[in-house]
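Notes to accompany the following structure.
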Amino acid sequence: MALLLLTQLLNSLAFAMLLFLLALGLSLIFGVARVVNLAHGAFYMLGAYLGLVLTNALGNFWLALLLVPLGVGLLGVAVERFLLRGLHGRELEQVLLTIGLGFVIADLLRGVFGAAIRSVPPPPELSGPLFLGAFLYPKYPLFVLGLGVALFLAVRLVLARTPFGIQVRAVTADPDMASALAVPPARVSLLTFGVGTALAGLGGVVGAPLIALAPGLDAQMTLFALIVVVIGGLGRIEGAFWGALLVGVVDGFGRLFLPQAAMFLIFALMALVLALKPEGLLGRRVA
Amino acid sequence: MEALRVEKVSKAFGGILALTGIHLSVQRGERRAVIGPNGAGKSTLFKVISGELKPDQGRVFLGGREVTGLPQERVARLGLGRTFQRSSVLPELAVWENVALARQAATGQSRVFHQPLATDARVEEVLEQVGLSGRAEDPAGALSHGEKRQLEIAMALVQDPQVLLLDEPLAGLSGAERERIGQLILGLDPGITVLLVEHDLEYALRFAHRVTVLHYGQVVAEGDPEAVRENPEVQEIYVGSGGALEAPPEDASGGAGQETVLEVEGLVAGYGGMRVLNGVHLRVRRGEVVALLGRNGMGKTTLLCTLMGLVPLKGGEVRLAGKPLGHLAAHRRAELGLALVPQGRRMFDGLNVEEELRLAAWGSRGPWTVERVLEVFPRLAERRKSPSKALSGGEQQMVAIARALLRNPSLLLMDEPTEGLSPLMVRQVAEVVRTLKREGETVLLAEQNVQMALSVADRVYILEHGGIVWEGSPWEATEAVLHRYLGV
Amino acid sequence: MMAWIPQKALKEWRRGLPWLMRGGLWLLFLAPLLVQGYTLYLATEAALFGLAAVALSFLLGHGGIPSLGQAAFLGLGAYAVGLSLKAGLPLALGLLVAPAVAALYALLTGLLLFRTHGIFVLMLTLAFGQMVYSVAHKWNAVTGGDDGLSLQGTGLSPTLLHLGALGLLVLAVAGLRLLLQSPYGKTLEAIRQNEEKVRSLGVPAFYYKLWAYVLTGALTGLAGAGVALHRTFVSPHDLFWLTSATLMVMVLLGGSRGLFGAAFGALLYTFVQAWVSSFTELWGLFVGGLLILTVLFAREGLWPLLERKLGGGRGSA
């Protein structure tokens, strides 16, 4: 029983790290560009399928892991530049546009790759289990777990220490004042959009071996990311991290003990947070 | 009978104490003016009374009933009427609908859903009273700035409030509108208790039975208008402090060279349909400190923000070192050598002092470096790891000035750097400006603290109703001039 | 081009134009009764979705509340009427239960929703909407899960059903327009324009928004019940957020203010979609693309645009 719980805990944490990647991008983009990107799950799916194609074509998962986020990020940059910027300051229109974009991407993927469910094998280096005495556990989720924690620390460091990180935080707090100090908000916003969508694409490549690809997964992942940021608080990476952990664990153990009601548990969690602290657990009140 | 009572109310925003232990007792039917310089806490006090903000400490009573911490709609239903600093009407509804809705809200009829909204005798009467009967059918958004004020007053009056809070009802109005609305407020039903925040001191003293003077979050004087007018402490606050006027230097041009840094010609700017500035002309020469004076709402901040590119230019031309700036974005202007010390200091939420400075210093070359700035402001070196929002007002002002200096600007725009600061901090800020002057920086300083501004400036402009109305040297700015344009 | 028309006639024409357009719209909805068949089927569908779109238009365009969870109301209404019929309740009762269930859901989620503002409201309506979808999808015992719920034996003729749906739509438009003239309706519009100001006048904005949301929920639930009867089938996939986005497209396409635009948008969308679906099965591509185009190019919607064009340039919006 203890082993079962431990296994489930690790599974949940690995899933939580995927959610973190998504929520992190969503949160960064919202903070800087003030856009709730509801195409986020579609970017995840795009990353997953592109990863699949590239891994097969190049025969190398690691190369795909590097290239796909780059490509998805570039697409994100193009979307910001050509579709969203013209709607600057019109929140509702921007959100609706990202929804539309999400549907378009998801349906194009369905058109190209079909509606069949695809499971993706982990790369050979990471397939198979790891033996820890009597306990054996697949390597791949551990890799995802490690990657997520490493990214969390890295992004925190970038935001805390690098000029770009400080610019991102300044634009998030007060874009006008930042521009009066020679920070170009439009460029910061463009780059952040690229980084955010690249993170979603990365999530897709990393997540495909964990969660089988199927139509509708994009909506599922967008929804999870939204719930994480609502719970954790929008605009803060700590909020995305701890929110993702909470949602991941509740989801994992919910599936184990109350398989019918797992999804419902997460919504109950969200409702509880909203009732007690509408700005999210670690959130600041947004005017 | 007491209409309003405020007991030991305190409110802080981050490291800034906006209100510290305020007491206020207003009798029924009283006319009370609340005066004080910008940032003294007047608006915060109004927000706490009306329930928009919760005080950190202290209690508020309306007609003997405690209302501390109630949501603002409850406080309003208990008899508190209010107008906002920025005119606030419902632009897509007709004028009469604005008033009728306010009426329905006061009588608890807003919920009615089975019959159309209709005007009634009281609505007509109030529209007549404020002089808007002729425009009843127009959408409120089409009204002029002054008419919107009239409408807002009508919306408050039709609710028959016990206590009416008027937050700077004359700010930003032109002469005729000012006169009209001034008369309207003077003629209000004597049964209503009125609290007025107003920067036009003359008007406030004429209006009030009693006057409360706020300064950096405290009540520093209270009494009838004459006593307050004669109170030397109040005079100092109002005229300002920060050093005596130095004797005119031998060379009347000061240390300034003849090279023009900034040239503004016929500048027009505003927000939405509202024109705040209407043809401003001014110039700043290298090494000069130029003071921009003017009452609140006359467009000082708008002018500096337009120069910085934060408010769009609607007409005229701005040249920096001979180069027209046109509609350049703010960050491009910053690269060309403009830097702004903004009103309210605008610290970045989530950044610490060092990060604020590094952000500004990035990509900027010149004599001002982070190290040098920290030498000039040793207090900031001590607090370099503190979140900037948690600093006191004076420390935040230092950060804001340091940030702008780190841009190594050819022109430093300073917007009300003494706002909300204690007299001690005001003197320090004045000292900083003098230091900058000695260092040869060029500064355009918008200031309400007249004395401080005159003590540091080489030249003075006075802004009124969207244009420059007076120009000269500090020692030419006699009491008569100041009284005429600034009301001090 | 219209210079030769006397000014007076032009003025008369402009005054009468809105009425002509409204009459024309209802005629368009009625006309398929003449041809029956698939055209009538589509027209009924358009009237029912029109009801839901009009409700969303009321909520979004007049109440200023953006909702991406309208599919949940539709679905709750559809399942409620389906399960009521299955349990042997009379149809009339089922048609009462449907809006009641949707309204109850609106009340419960609204209590949480309106603790937040702006774009957060939109995110939460979406999240709660997807919750209902996943419940409908997973709770096999009650909803039939993926297989959906079949209704049979309601015995309504297509003509009757269409007239019923159209009647509901006309009633909803007329009723909501009257409501918008009332103190409540005007206050709701005032909250959209300046919530702080309205609160400072003593209006508890929270409850005004909540009741608008509940009313919208009930109307959309009724529309959902209609759709279930019309299609004699309830599928959990109609609860997916794609349906919410579709309603949003209808509203934006027609114009979010004035309610007629939404009804027009629903009619237009339904027929265009039927036409397009003969080429492609990628419904998301169609809805998504249309949404992007609408947002980018048809900002105020086609109905006001049409009104202006027919009125010869300037018009009353």
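Details
- Helices assigned as whole DSSP H runs in chain A whose Cα atoms extend at least 18 Å along their own long axis and whose mean Kyte-Doolittle hydropathy is -0.5 or higher are found at A:2-33, A:40-58, A:61-79, A:91-113, A:139-161, A:185-207, A:217-232, A:237-257, A:262-276.
- Across peptide B:17-29, the mean count of Cβ atoms from other chains lying within 10 Å of each residue's own Cβ comes to 0.
- Over the protein assembly as shown, the reciprocal of the mean inverse Cα-Cα separation, the Kirkwood hydrodynamic radius, stands at 32.2 Å.
- Derived from the Cα gyration tensor, the three semi-axes of the equivalent ellipsoid of chain C are 31, 26, 18 Å, largest first.
- Unit charges at the beta carbon, dipole of chain A: most positive-side option, A:Ala48, A:Leu67, A:Ala116: A:Leu67
- Test item: A:259-270 mean partner chain Cβ contacts at 10 Å: 3
- Net lengthening on full extension, C:Val276/C:Ser157 (0.36 nm per residue, minus Cα-Cα): 40.1 nm
- DSSP assigns beta bridges within the protein assembly as shown; of those with both partners inside it, close to 60 percent run antiparallel.
- Charge dipole of segment B:260-486 (Cα centre as origin; +1 on each Lys and Arg Cβ, -1 on each Asp and Glu Cβ, all else neutral): 400 debye, rounded to the nearest 20.
- Segment A:169-260: trypsin sites (Lys or Arg not before Pro) in DSSP loop, at most 13 other beta carbons within 10 Å: none
- For the peptides C:188-195, C:136-143, residues were scored by their other Cβ atoms within 10 Å and the scores averaged per peptide; the highest-first order is C:188-195, C:136-143.
- C:Trp13, B:Trp368, reordered so the largest accessible area comes first (probe 1.4 Å): C:Trp13, B:Trp368
- Global geometry of segment A:2-276, whether rounded, prolate or oblate, following the gyration tensor of its Cα atoms and the 1.5 cut on a/c: prolate
- Share, in percent, of DSSP beta bridges within segment B:2-239 that are antiparallel, nearest 5: 55 percent
- Euclidean distance between Cα centres, segment A:79-93 to segment C:122-158, Å: 34 Å
- Under the span-like rule (Cα at least 18 Å along the axis, Kyte-Doolittle mean at least 1.6), DSSP H helices of chain C: C:91-113, C:158-181, C:241-254, C:283-297
- Max mean-square fluctuation residue, GNM over chain C, Cα-Cα springs under 10 Å, options C:Thr216, C:Thr280, C:Thr116: C:Thr280
- Taking C:His237, C:His117, C:His162 as the candidate residues, the one with maximal mean-square fluctuation in a Gaussian network model of chain C, Cα springs under 10 Å, is C:His117.
- Where only DSSP H runs of four or more residues are counted, the protein assembly as shown gives -18000 deg cm²/dmol as its mean residue ellipticity at 222 nm, each run worth -39500 (n - 2.57).
- Candidate aspartates and glutamates - alpha carbon under 19 Å from C:Lys11, same-chain residues fewer than 8 apart omitted: C:Glu307
- Under 22 Å from C:Lys209, Cα to Cα: lysines that are on another chain or at least 8 residues apart: A:Lys277, C:Lys186, C:Lys197
- Peptides A:71-83, B:74-86 ordered by packing proxy, namely the average of other Cβ atoms within 10 Å per residue, highest first: B:74-86, A:71-83.
- Applying 0.36 nm per residue to the separation of C:Ala141 and C:Glu300 and subtracting their alpha-carbon distance, the gain on full extension is 52.8 nm.
- Point-to-point label distance, C:Arg15-B:Arg59, nm (Cα→Cβ direction, 7 Å offset): 6.2 nm
- Dipole axis of segment C:43-240 (+1 Lys, Arg; -1 Asp, Glu on Cβ), positive-most option in C:Gln152, C:Ile191, C:Gly129: C:Ile191
- Peptides B:201-212, B:472-483 ranked from most to least packed by the mean count of surrounding Cβ atoms within 10 Å: B:201-212, B:472-483.
- Computed over chain B, the P(r) curve from all C-alpha pair distances, binned at 20 Å from the origin, holds 23, 53, 23, 1 percent per bin.
- Of the listed residues A:Phe103, A:Phe143, A:Phe257, the order by accessible area with a 1.4 Å probe, largest first, is A:Phe257, A:Phe143, A:Phe103.
- Surface accessible to a 1.4 Å probe, B:Asp224 within the full protein complex, Å²: 80 Å²
- Among the residues of B:351-361, the average count of other protein chain beta-carbon atoms within 10 Å of the residue beta-carbon is 4.
- Normalised contact order of segment B:260-486, rounded percent, pairs of Cα under 8 Å and 6 or more residues apart: 29 percent
- Cα centroids of segment C:37-103 and segment B:347-404: 58 Å apart.
- Positive-end ranking of C:Pro90, C:Gly226, C:Val173 along the dipole of segment C:43-240, with charges on Cβ about the Cα centre, is headed by C:Val173.
- Reach of C:Lys138 by Cα under 26 Å, taken over lysines that are not fewer than 8 positions away in the same chain: C:Lys86
- Accessible surface ranking that places the most exposed of A:Leu210, B:Leu340 first, with a 1.4 angstrom probe: A:Leu210, B:Leu340
The values are calculated or read from the model by the stated rules, or taken from the named source; none is laboratory data. Please read these numbers as outputs of a predicted model, since none were measured by experiment. Quick reminder, even Gly has a Cβ in these numbers, built from the backbone with ideal geometry, and neighbours come from all protein chains shown. What goes into the accessible areas is simple: the full protein's heavy atoms, side chains included, and nothing from ligands, DNA or RNA. Shrake-Rupley method; radii C 1.70, N 1.55, O 1.52, S 1.80 Å.
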